[in-house]
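The values are calculated or read from the model by the stated rules, or taken from the named source; none is laboratory data. Bear in mind the structure is a predicted one, so any value in this text is a computation, not a measurement. Cβ coordinates were reconstructed from backbone atoms using ideal geometry, including for glycine residues, and neighbour counts include every protein chain displayed.
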Amino acid sequence: MGICFRVKGPGGDMGKMAAALGSVATLATEPGEDAFRKLFRFYRQIRPGTADLGGVIDFSATHTSRDTGPAAHKVVRSQLSVSSVSEHDARRAGLQPVSKWRAYGLEGYPGFIFIPNPFLPGHQWHWVKQCLKLYSQKPNVCNLDKHMTNEETQDLWEQSKEFLRCKGVNKRRPRSLLEKLRWVTLGYHYNWDSKKYSADHYTPFPSDLAFLSEQVAAACGFQDFRAEAGILNYYRLDSTLGIHVDRSELDHSKPLLSFSFGQSAIFLLGGLQRDETPTAMFMHSGDIMVMSGSSRLLNHAVPRVLPHPEGEGLPRCLETPLPVDLPRDSVVEPCSVQDWQVCSNYLKTARVNMTVRQVLATDEDFPLEPTEEKKRDLSSGGSCRLDDHNSQVKRARPNPDS
């Protein structure tokens, strides 16, 4: 397995950890600010490479660290259902055998599972390429639809690839459409205004992503999980994802799966109420999070995407090429050098996250909606779910499902 780069986390000395906790404790509280918002603001403003990151759990280092971080006592090992996924099916999805995965949970968060990069070396390339080249295409709905016609957003990859290939040559060029992309919905479309899913604008859910998600869900004990809806978030270095709860799915007994690729980010997992102080953790490229059970309806957010510590670069686990000899029945497809050049230039200053959900329970259908609701233009509410703080365009604060 490739080893991702790691921003310095909980392994620092006690003085740095005390300084980090002291920085949080001495933050001035804004009027009406709750404990979650206070910590969200703290991490949004932190300086990478300083003691401010001393309180962030790094699951990719858990197996080698001596658990000296201030929140390390919360980390526990999670058991996986190794026999539920064959080695062949895992390989088809680009994953290592489940027996080689490491899975962790957190005390006080039953149902939360964190799996540090279980992908086979090079196989993240496929999923990054799919997010940028295939999943962004019509008929899938994206944030750009509010301001552009379907013809203008028909193939964002083709319109952007030459810009991205020359990204390092002309840094003053305008952003390509892919760089302006903030979210895409797959399967059942999520309406950001009504905060509801609808069958009125359904696009076929990608079969490769469905297979990957169902293998991960089965390994975590959810053998009957069906991938029915996906929300892809495309983060820039100045993007944040606001505090929210994913409660719009009609069946909350099914897990929510989250896949991260590209630059690292800080994820905050809180409680049922925002006055509960959240736990901070790193999400690195290839990491998978599963929220199920009691953790399924907890507040969570992404306050900060972290730049590569050496400037514009890629995590080490993305430097390994995708193997040429893929299984015949693999859902992972080859990635050309030209395509990866576009993807890698994009990811040097970006992060992509895929969240996959099952919306309906078995044999369940959508409840009938009023006629006016059905006639609504589902793409009309396509304002950006990610908040880009340096953007000249003022965007609504992203609180999906809150």
Residue in the stretch 169-189 that is in a loop (DSSP other than H, G, I, E, B), touching a residue at least 24 places away in the same chain (Cβ under 8 Å) and either closer than 17 Å to V359 by Cβ or over 17 Å from the mean Cα position of the chain (by Cα) (or both) present: no
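Got a number for residues in the stretch 206-254 being assigned to a loop (DSSP other than H, G, I, E, B) and over 21 Å from V331 (Cα atoms)? Write out each step before concluding.
Keep residues of the stretch 206-254 that are assigned to a loop (DSSP other than H, G, I, E, B), which gives 206, 220-228, 237-238, 245-254.
After this cut, where a residue has to be over 21 Å from V331 (Cα atoms) as well, the list is 221, 237-238, 245-254.
Here the count works out to 13.
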Total residues in the stretch 241-270, condition modelled with pLDDT of 95 or more, of a type in the set (S, T, Y) and in contact with a Lys or Arg (Cβ under 9 Å, 6 or more places away or on another chain): 2
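I'd like to verify a number: residues in the stretch 111-139 that are among the aliphatic types (A, V, I, L, M) and either modelled with pLDDT under 95 or closer than 10 Å to V352 by Cβ (or both), how many? It would help to see each step written out before you state the result.
Kept after step one, since they are among the aliphatic types (A, V, I, L, M), are these residues of the stretch 111-139: 113, 115, 120, 128, 132, 134.
When the remaining residues are screened for being either modelled with pLDDT under 95 or closer than 10 Å to V352 by Cβ (or both), the result is 128, 132.
Of the residues in that region, 2 qualify.
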Please tell me if S248 is under 28 Å from R102 (Cβ atoms), under 19 Å from the mean Cα position of the chain (by Cα) and among the hydroxyl-bearing types (S, T, Y). no
Could you give me the residue pairs with C-beta distances under 8 Å whose first residue belongs to the stretch 235-248 and is within 17 Å of D34 (Cβ to Cβ) and surrounded by fewer than 18 Cβ atoms within 10 Å (Cβ to Cβ), whose second residue is at pLDDT below 95 and of a type in the set (S, T, Y) wherever it lies, and which are 6+ apart or on separate chains? H244/S402; V245/S402
Does the stretch 264-283 contain at least one residue that is of a type outside the set (S, T, N, Q), assigned to a helix (DSSP H, G or I) and in contact with a Gly (Cβ under 6 Å, 6 or more places away or on another chain)? no
Give the number of residues within the stretch 325-370 that are in contact with a helix residue (DSSP H, G or I) (Cβ under 6 Å, 6 or more places away or on another chain) and more than 21 Å from L120 (Cβ to Cβ). 4
At pLDDT 95 or above, within 23 Å of M289 (Cα to Cα) and not basic (K, R): is that true of S65 in this structure? no
When (1) modelled with pLDDT of 95 or more; (2) at positive phi; (3) out of contact with any helix residue (DSSP H, G or I) (no Cβ under 8 Å at 6 or more places or on another chain) are applied to G293, the one that fails is (1)
Residue under evaluation L181, criteria (1) of a type outside the set (K, R); (2) surrounded by 21 or more Cβ atoms within 10 Å (Cβ to Cβ); (3) under 27 Å from P367 (Cα atoms), criterion not met: (3)
Just to be sure before I move on: is D155 at pLDDT 90 or above, acidic (D, E) and under 28 Å from P48 (Cα atoms) in the structure I sent? no
Please name all residue pairs, on different chains or six or more residues apart, with Cβ atoms under 7 Å, provided the first residue is in the stretch 75-92 and is touching a residue at least 24 places away in the same chain (Cβ under 8 Å) and closer than 12 Å to A218 by Cα and the second residue is of a type in the set (S, T, N, Q) and loosely packed, with under 14 Cβ neighbours inside 10 Å. V82/S99; S84/Q223
How many residues are outside any loop (DSSP other than H, G, I, E, B) and in contact with a Gly (Cβ under 8 Å, 6 or more places away or on another chain) when one looks only at the stretch 312-338? 3
Tell me, yes or no, whether the stretch 81-100 has at least one residue that is surrounded by fewer than 17 Cβ atoms within 10 Å (Cβ to Cβ) and modelled with pLDDT under 95. no
Within the stretch 191-205, can you find the residues that are within 22 Å of the chain's Cα centre (by Cα) and not in a strand (DSSP E or B)? W192, D193, K195, T203, P204, F205
